[in-house]
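Peer 1: Below you will find the structure I want to go over with you.
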Amino acid sequence: MKLKSLALLTMSLALTSMTFAQGLHLGIKAGANIFKVDGAAIKDEFRFGYNAGAFAEVNFNDKIGIQPELLFNQTNYRTGTDFSNVYQINNANDVKGKLNYLSIPILLNYNLAKFFTLQAGPQYGILLNKSETLVQNGKDAFKNGDFSLLGGVQLNLGSLKVGGRYVVGLSNINDIDDKNKWKNQGFQVWLGFRII
């Protein structure tokens, strides 16, 4: 139900914005994630993943606009050497894993100059690899959704876009118990191309 509400809100916001917008542009982008899952019994290290997807730019005027995106995001993690002790799970120490998300960021763009844009906004991620488990009986170790805040910059070089942002996870993605909180966080860099 929450996912349907979020999708409906996103579509309504996008359609309303397009009505009042001075310009609508669409594009594709891809890049690298340098993320970690932060929390107890997870190794405290940033690991490389990737991101790829599409974006829209909806400009209200020369300074302000929004940029909704639809991205595939990958976060790689490794459990700590004490994971089995903390969660009483056998053979779960020093295990590498991947979390693949379908992410929907909605960013506010503020153009400081024609070629330089500040960006900030929320992002909701839907976990795609639901079979990702560290525990017995098929129970998932990670929650199905992740809510984050983003902030960063984008260089606008004609149709070419180059950017970087920091992602701070706000929701606890630990689905094993409520004792310890796990959160995604890290950096994204990307190269994009405006098609329309």
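Just so it is clear, none of the values below were taken in a lab; they were calculated from the coordinates. Given the structure is predicted, the values throughout are model-derived calculations rather than measurements. Reconstructed Cβ throughout: ideal geometry from the backbone, glycine too, with neighbour counts over all protein chains shown.
Peer 1: Project the alpha carbons of region 42-160 onto their principal axes and report the range along each, largest first, in whole Å.
Peer 2: Principal extents (largest minus smallest coordinate, Cα): 57, 24, 20 Å.
Peer 1: Please work out how many pairs of lysine residues in region 97-196 are eight or more positions apart (or on different chains) and have Cα atoms closer than 15 angstrom.
Peer 2: Pairs that pass both the separation and distance tests number 9.
Peer 1: Still on this model: If I take every Cα pair under 8 Å that is 6 or more residues apart in region 40-196, average their sequence separation and divide by the length, what percent do I get for the relative contact order?
Peer 2: Relative contact order for region 40-196 comes out at 16 percent.
Peer 1: Can you put ASP177, ASP82 in order, fewest other beta carbons within 10 Å first?
Peer 2: Numbers: ASP177 8, ASP82 13.
Going from least to most buried by this count: ASP177, ASP82.
Peer 1: Another question, then. Stretched out fully, how many nm does the piece from LEU149 to GLU45 gain, at 0.36 nm a residue minus the Cα gap?
Peer 2: Gain on extension, LEU149 to GLU45, equals 35.4 nm.
Peer 1: Sticking with this structure for a sec: Between ASP62 and ALA30, with labels modelled 7 Å along Cα→Cβ, what's the label distance in nm to one decimal, could you check?
Peer 2: 3.6
Peer 1: Testing the spin-label approximation: label points 7 Å from Cα along Cα→Cβ at ASP82 and LYS181. State their distance in nm.
Peer 2: About 1.9 nm separates the two model spin labels.
Peer 1: Relative to the compact-globule scaling 2.2 N^0.38 Å, provide the ratio for the alpha-carbon radius of gyration of region 42-105.
Peer 2: 1.71
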